[in-house]
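In what follows, a single structure is set out as structure tokens and then discussed.
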Amino acid sequence: MLLLEYIVVASLVVFASIKASHYIDLIDKTTKLSGAFLGGVLLSAVTSLPELFTSLSATVFLHKPALCIGNILGSDLFNIAMLSTLALLSIRSFRNVPIARGNVIVALYLIAIYGVMLLDFTGVLDIDILSVNIITFIFIVIYALAVRHLSGETEAPDEDAQEEVGLSLNQIIVRFIIASIAIIGLSIVLTYITDDIAQRYNLGVGLAGAIFLGVATSLPEVASTIALFRIRNYDIAVGNIVGSNLFNFLVLCIADIISFRQSVYDYADANVVKLLIFGTAATLFTVPMLKFRGWAVRVPCAICIIACYFAFLLVEF
């Protein structure tokens, strides 16, 4: 019964996510807002809400804030691997598509965040200010800079598309909000169902449990990105992934701020360290994959990113 509930709710999350990506695509076509901003800020915030919910639940209700870092790093590595897989599957059309400069900048900000975390891991930045780790403040500044950069980018609206849409901008926005609320509510339900499954089948502390929860929290990103790749709106698709990964670190900041018993930046678990290392490597390959066009760059970079994800899975066994 639990598995059936999981499948039904997961299907509804997929449906709502596809709808949200569709309305974002319409907003992209009918306004001056850039695809990088719409995907990297607006859509990514909505699709990352499951990570926000699970992380805050671990901090507020379970009093285990250290669980957040594994969830966030694991989700980010999975997201990048999923984007690379879609890029390979769509390589004929994706190989020469120019990606917005804003998305490349966000990927560079992500590299900076991983660099800061590595410094914290080595003890260089292990400094607390009012019980909050200093890297939390650094992450917040980086996120604010990224949003400011993306909000400054504009594109000319497609007037032909405006006539074909048949909906006013207000109607599109209202429908996007409804789809977003559905994603939030369904993701919360899905997280609880996943937790029940993990407990019933004793998967909570194993790799299978981590994968189950990872699928649950990453489902909105996966569904919306696949939908955007199908309609070849690559800028919003890429922005959704790199923006979601950036937003996830903001979630980590929130968890650290509201946690008074224990820091979320806990590297005692070897799996967290592995996620940090492989996540850093995968993100390093993401920048050239987005910045440069052609088979010679995008295919090898995508393969290396996917290899980082599977390398992490292999060292788990």
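Taken together, the values in this text are just the output of simple stated rules run on the coordinates, not laboratory data. Note that the coordinates shown come from a computational prediction; the quantities given were computed from them, not determined experimentally. Virtual Cβ from ideal backbone geometry, glycine too; neighbours counted across all protein chains shown.
Grab the DSSP H runs of the chain that are 4 residues or longer, score each as -39,500 (n - 2.57), total them, divide by all residues and round the 222 nm result to the nearest 500 deg cm²/dmol.
Using -39500 (n - 2.57) per qualifying helix, the result is -26000 deg cm²/dmol.
Against the longest alpha carbon principal axis of the chain, how many degrees, from 0 to 90 and to the nearest 10, is the axis of helix 234-258 turned?
With rounding to tens, the tilt is 30 degrees.
Report the local net charge at Met82: Lys and Arg +1, Asp and Glu -1, summed over other residues whose C-beta lies under 15 Å from its C-beta.
-2
May I ask you to sort Met1, Met82, Met117 by Cβ crowding, counting other Cβ atoms within 10 Å and putting the fewest first?
Met1, Met82, Met117
In the set (i) 18.9, 57; (ii) 23.4, 71; (iii) 19.8, 62, which value of Rg and Dmax of the Cα atoms in Å was calculated from the structure you see?
Recomputing Rg and Dmax of the Cα atoms in Å here picks out (i).
For the stretch 2-316, what does the relative contact order come out to in percent, with C-alpha contacts under 8 Å and a separation of six or more?
Taking the mean separation of contacting Cα pairs over the length of the stretch 2-316, I get 42 percent.
By how many degrees, between 0 and 90 and to the nearest 10, does the Cα long axis of helix 270-291 differ from the longest principal axis of the chain?
For 270-291 against the chain, the angle is about 20 degrees.
Positive end of the dipole of the stretch 215-317, charges at C-beta (+1 Lys, Arg; -1 Asp, Glu), about the Cα centre: which of Ala270, Pro288, Asn245 has its Cα farthest in that direction?
With unit charges placed on the Cβ atoms, the residue in question is Pro288.
Which ordering of Glu51, Glu5 is given by a fewest-first count of other beta-carbon atoms within 10 Å?
Ordered by Cβ neighbours within 10 Å, fewest first: Glu5, Glu51.
Give me the count of lysine pairs in the chain whose alpha carbons sit under 27 angstrom apart, restricted to pairs 8 or more positions apart or on different chains.
6
Which of these, Tyr265, Tyr192, Tyr23, has the largest mean-square fluctuation under a Gaussian network model of the chain (Cα springs below 10 Å)?
Looking only at Tyr265, Tyr192, Tyr23, the largest GNM fluctuation is found for Tyr192.
Say we join alpha carbon atoms closer than 10 Å with springs in a Gaussian network model of the chain; which of Leu250, Leu86, Leu150 then has the biggest fluctuation?
With Cα springs under 10 Å in the chain, the top fluctuation among Leu250, Leu86, Leu150 is at Leu86.
In degrees from 0 to 90, rounded to the nearest 10, what is the angle of the helix 49-60 Cα long axis to the longest principal axis of the chain?
Taking the Cα atoms of the chain, the angle to 49-60 is about 20 degrees.
Would you look at the GNM of the chain, springs on alpha carbons closer than 10 Å, and say which of Ala144, Ala302, Ala182 moves the most?
So, out of Ala144, Ala302, Ala182, the one fluctuating most is Ala144.
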